[in-house]
Amino acid sequence: MSAKLPRSFGRLWAASAVSTVGDGVLFAAAPLLAVGISGDPMVVSLVTFAVMLPWPLCGLFCGALVDRWDRRRTMWIADLARAVLLGIAVVAGVSGVLGIPALMGLAFLLGLGQVFFDTAAQAYLPTLLGRDQPSLRRANAWLRGAQTTGESFVGPPAGSALFALGRMVPFAVDAVSFVLSAVLIRTLPPAPAGDEARRPLWTAAREGARYLVRDRILLGLALRPAVGNFAFAAAAAVMVLYARDALRLDATGYGVLLTTEAVGGLLGAFLAGPLERLLGTGGALTATAAIEASAVLGMGLAPNAVLAGVAYAVCGCGMAATMVLGPSVRQAIVPERLLGRVIAASRLVSVSAGPVGALLGGWLASNAGVRAPYIAGAAVLATMTIVTASMTSNRKIEAALAAARGAETPVG
């Protein structure tokens with residue numbers, strides 16, 4: 001890690017690395033458990049739906065609460081609560097009383113804990129590092145790298161292997177990962193609670209949403225992942241059919257294809273810095289958006305699996321770089337008292353676009369073939385690149401950073 005990042009960030013990074021490995025373990029094990037309880041695809045899909053539900057249902061309110069509470073305390077309590085939930089699930093599973101309704105409830109509560117943790121973690125980072133955008137970008141690159149490694153490389157195969165030992169073993173391992181993360185986060189410098197407690201929760205939540213909509217830079221930064229999720233969900237919805245019918249891949253080949261995106265994502269997290277220094281922050285964001293559009297089009301037109309894999313890796317690279325650069329700007333320019341709410345509103349916009357894209361992808365594949373969602377997604381991404389380029393230009397971002405510079409002081 002860069003010597004310019006404080007030691008306290010190393011503990012935050014370690015907590016994130018441990019936790020994301022546990023998330024990857026759970027990502028592989030939860031569907032296996034659901035299939036073991038019920039073979040009905042619709043029932044199994046409801047578990048995934050339950051995990052995603054807290055964002056549209058509670059996201060804005062969670063952001064408002066994060067701005068009222070000590071963000072460090074919010075993180076370690078969220079981790080500890082998720083560890084307790086998983087511990088209860090392990091006991092229930094071993095006792096043979098864990099059914100689909102209970103699994104859906106567990107998924108919803110774990111998703112709610114993730115909303116609190118993720119929002120608080122992003123809002124806490126400027127407290128730890130100040131408003132220095134290059135430091136925030138380096139920190140986000142390390143965090144993104146840990147997330148990609150844990151959730152895509154280490155966690156899923158470990159989860160499958162642990163499930164073979166016993167169906168509740170992966171859940172116990174994930175519980176331990178949350179405990180370790182909570183212990184590490186507990187050692188970080190505190191982040192004093194905000195002064196929003198005197199205002200109605202809905203009023204405070206709306207203030208964050210209004211701030212996002214009225215700021216062109218923040219709105220542009222929110223539209224990029226929203227449109228991206230729309231296009232990527234359209235493609236992901238038919239990915240398995242695309243691999244089988246267009247690329248003639250078997251199950252093993254499909255797994256390798258999915259891995260190429262993670263490889264590109266790991267590379268992209270650390271290419272964000274050089275790209276930013278070369279093109280400026282706004283220029284780099286426009287470039288990564290154009291790269292994503294080109295890569296998705298390349299997947300749609302790829303004549304074979306090798307070229308499709310290369311395009312998917314390039315797409316992952318662009319996505320990861322975007323997810324390092326965008327949050328770093330947001331963390332640097334949003335007032336500290338509003339940061340949790342603005343982050344939650346931005347995430348709400350991006351998450352809500354995914355299900356709509358998935359439905360469109362299925363419809364396009366049914367009516368125009370499995371390559372159609374990729375070509376349409378590329379067109380949507382290209383349009384987004386043009387529309388948001390002026391909203392997040394170098395000039396506007398530099399002016400916003402200059403206005404916010406020096407407003408925050410590091411605490412550790």
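The values are calculated or read from the model by the stated rules, or taken from the named source; none is laboratory data. Worth saying up front: this structure is predicted, and the values here are computed from it rather than measured. Reconstructed Cβ throughout: ideal geometry from the backbone, glycine too, with neighbour counts over all protein chains shown. Surface areas here come from the heavy atoms of the whole protein model, side chains and all, with no ligands, DNA or RNA. Shrake-Rupley method; radii C 1.70, N 1.55, O 1.52, S 1.80 Å.
Some observations on this one:
- Per-q log10 I(q)/I(0), the chain, q = 0.13 Å⁻¹ (Debye; single scatterer per alpha-carbon; no solvent): -1.18
- Relative contact order, whole percent, for the range 78-161 stands at 28, derived from Cα pairs under 8 Å and 6 or more residues apart.
- With all protein chains kept in place, the per residue accessible area of the chain amounts to 42 square angstrom at a probe of 1.4 angstrom.
- Of interest is the spacing of the C-alpha centroids, which for the range 221-276 and the range 107-160 amounts to 19 Å.
- Treating r as the C-beta distance of Leu301 and Arg7 and R0 as 56 Å, the FRET efficiency rounds to 0.70.
- When each full DSSP H helix of the chain is screened for a Cα extent of at least 30 Å along its own axis and an average Kyte-Doolittle hydropathy of at least 0.5, the helices passing are 7-37, 71-95, 100-129, 251-301, 305-333, 339-368.
- With contributions of -39500 (n - 2.57) from each DSSP H run of at least four residues, the per-residue ellipticity at 222 nm computed over the chain stands at -28000 deg cm²/dmol.
- The length gained on full extension between Val213 and Arg337, counted as 0.36 nm times the residue separation minus their Cα-Cα distance, comes to 42.9 nm.
- The equivalent ellipsoid of the range 57-195 has semi-axes of 30, 19, 12 Å, largest first, where each one is the square root of 5 times an eigenvalue of the Cα gyration tensor.
- Rough spin-label spacing in nm, given labels placed 7 Å along Cα→Cβ, for Ala368 and Phe61: 4.0
- Projected onto planes of every orientation and averaged, the convex hull of the alpha-carbon atoms in the range 258-347 covers 6.4 nm².
- The alpha carbons of the range 287-412 occupy a box of 53, 30, 25 Å along the principal axes, longest dimension given first.
- Across the range 134-239, the fraction of Cα-Cα pairs farther apart than 21 Å, rounded to a whole number, is 67%.
- Straightening the chain between Ala161 and Thr187 buys 6.1 nm, computed as 0.36 nm per residue apart minus the Cα-Cα spacing.
- Cα-based Rg and Dmax for the range 213-368, where Dmax is the largest Cα-Cα distance (Å): 16.5, 52
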